[in-house]
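Working notes for the structure below.
The values are calculated or read from the model by the stated rules, or taken from the named source; none is laboratory data. What you see is a predicted model, and the numbers here were worked out from it, not measured in a lab. Glycine also receives a Cβ, built like all others from the backbone with ideal geometry; neighbour counts cover every protein chain displayed.
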Amino acid sequence: MRIPKCERHCVAELPRKADLERAPEERPPPPQRGTTVRLDPQPEHPIAGRRSTRRGTAVPAKNAVCRIRSRSPRSTDNDGTMTGQHVVGYDGVWARPEDDPRVMGNPVGELAAIREYLSNYRRTLGMKCEDLSPEQLATRSVPPSTMSLLGLIRHMAGVEHNWFERSLKGHRDIPHLYWSPEEPDLDFDGAVGDPAVVEDAFAAWTAQIEAADRWLDGLTDLDAMVRTARGEEASVRDILIHMIEEYARHCGHADLLRECIDGRTGQ
């Protein structure tokens, strides 16, 4: 189910006094049942509820007072672009097929399938961060949440590090990334719009993925049992499926965060 866009959180325009004083036959007719409607900003609020189509820029919708206008159902152009949205992907997908780094193959075997899903979710999170400034990457979601795209990158760097380095490889004594007992939410709280912070986050995340993939290259037994960083026993399979679960959940967060920044959507 799609969450309504930010600009749809507005109120319909109240009837004007002049309209109420008209004779019934002179009043504007109400929308017919079954008509598709759209909430549009009033002319006197030219930027309310509007997003820029330029990459990397956005005009947030704040306190927009809207009127209801009937419109035809959303359609697509020949190139797959949805004409009823400001900034979208291609036929519902983030990138053109020839530019999409994700692999949609037919993996043979359980481990190959796990690795393909994990790799695709990793790439999806990275793609949701493309073409944004440090300030946009650090833009937080609805208060009081401190979640941001930059925070998600730092968080997933820590998740990769915790499960692959500290659990699967058994290095339980090495420090966490972006976490401490005094600052348990450092991954999100420390995600500020500073170029150095952005560079550090993406470098750490990339390094953890590369190290994890090197370990996966030598994996032969998904049923092998390991001791997690908390001292609990778990199978390699269970940990890898949990990694897919982590990315799938946070890619959903990234969808909404990116759409609120510049309106761009797509799987």
| request: Search segment 151-184 for residues being in a helix (DSSP H, G or I) and of a type in the set (Val, Ile, Thr), and hand back the single one that is farthest from residue 236 (Cα to Cα). | output: 153
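So that you can scan it fast, the table gives a plain yes or no per residue for (1) under 20 Å from residue 211 (Cα atoms); (2) within 18 Å of the chain's Cα centre (by Cα); (3) modelled with pLDDT under 95; (4) of a type in the set (D, E, K, R):
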site: 133; (1), (2), (3), (4): no, yes, no, no
site: 138; (1), (2), (3), (4): no, yes, no, no
site: 141; (1), (2), (3), (4): no, yes, yes, no
site: 151; (1), (2), (3), (4): no, yes, no, no
site: 165; (1), (2), (3), (4): yes, no, no, yes
site: 171; (1), (2), (3), (4): yes, no, no, no
site: 178; (1), (2), (3), (4): yes, no, no, no
site: 191; (1), (2), (3), (4): no, yes, no, no
| message | Among (1) part of a loop (DSSP other than H, G, I, E, B); (2) touching a residue at least 60 places away in the same chain (Cβ under 8 Å); (3) crowded, with 20+ Cβ neighbours inside 10 Å, there is one condition residue 141 misses while meeting the rest; what is its number? | response | (3)
| query | Can you tell me which residue in segment 131-178 is farthest from residue 200 (Cα to Cα), limited to those that are touching a helix residue (DSSP H, G or I) at 6+ places or on another chain (Cβ under 9 Å) and of a type in the set (Asp, Glu)? | reply | 173
| query | If you take the residues of segment 212-253 that are closer than 12 Å to residue 118 by Cβ and small (Gly, Ala, Ser), which of them is nearest to the chain's Cα centre (by Cα)? | reply | 248
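Please enumerate the residues belonging to segment 157-186 that are touching a strand residue (DSSP E or B) at 6+ places or on another chain (Cβ under 8 Å) and among the small types (Gly, Ala, Ser). Walk me through how you get there before you give the answer.
Step one: filter segment 157-186 for residues touching a strand residue (DSSP E or B) at 6+ places or on another chain (Cβ under 8 Å), giving 167-168, 170, 172.
167, 170 - these are the residues of segment 157-186 that are touching a strand residue (DSSP E or B) at 6+ places or on another chain (Cβ under 8 Å) and among the small types (Gly, Ala, Ser).
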| task | Could you tell me which of the residues 224, 229, 234, 212 is at pLDDT below 95 and assigned by TED's automatic domain parsing to the domain that holds residue 127? | result | 229
| said: Going by what's in this entry, would residue 177 be described as closer than 24 Å to residue 127 by Cβ, crowded, with 19+ Cβ neighbours inside 10 Å, in the same structural domain as residue 114 (by TED's automatic domain parsing) and among the hydrophobic types (A, V, I, L, M, F, W, C)? | reply: yes
| task | Sort out which residues of segment 100-156 are among the acidic types (Asp, Glu) and either touching a strand residue (DSSP E or B) at 6+ places or on another chain (Cβ under 7 Å) or on the phi < 0 side of the Ramachandran plot (or both), and write them in order of number. | result | 100, 110, 116, 130, 135
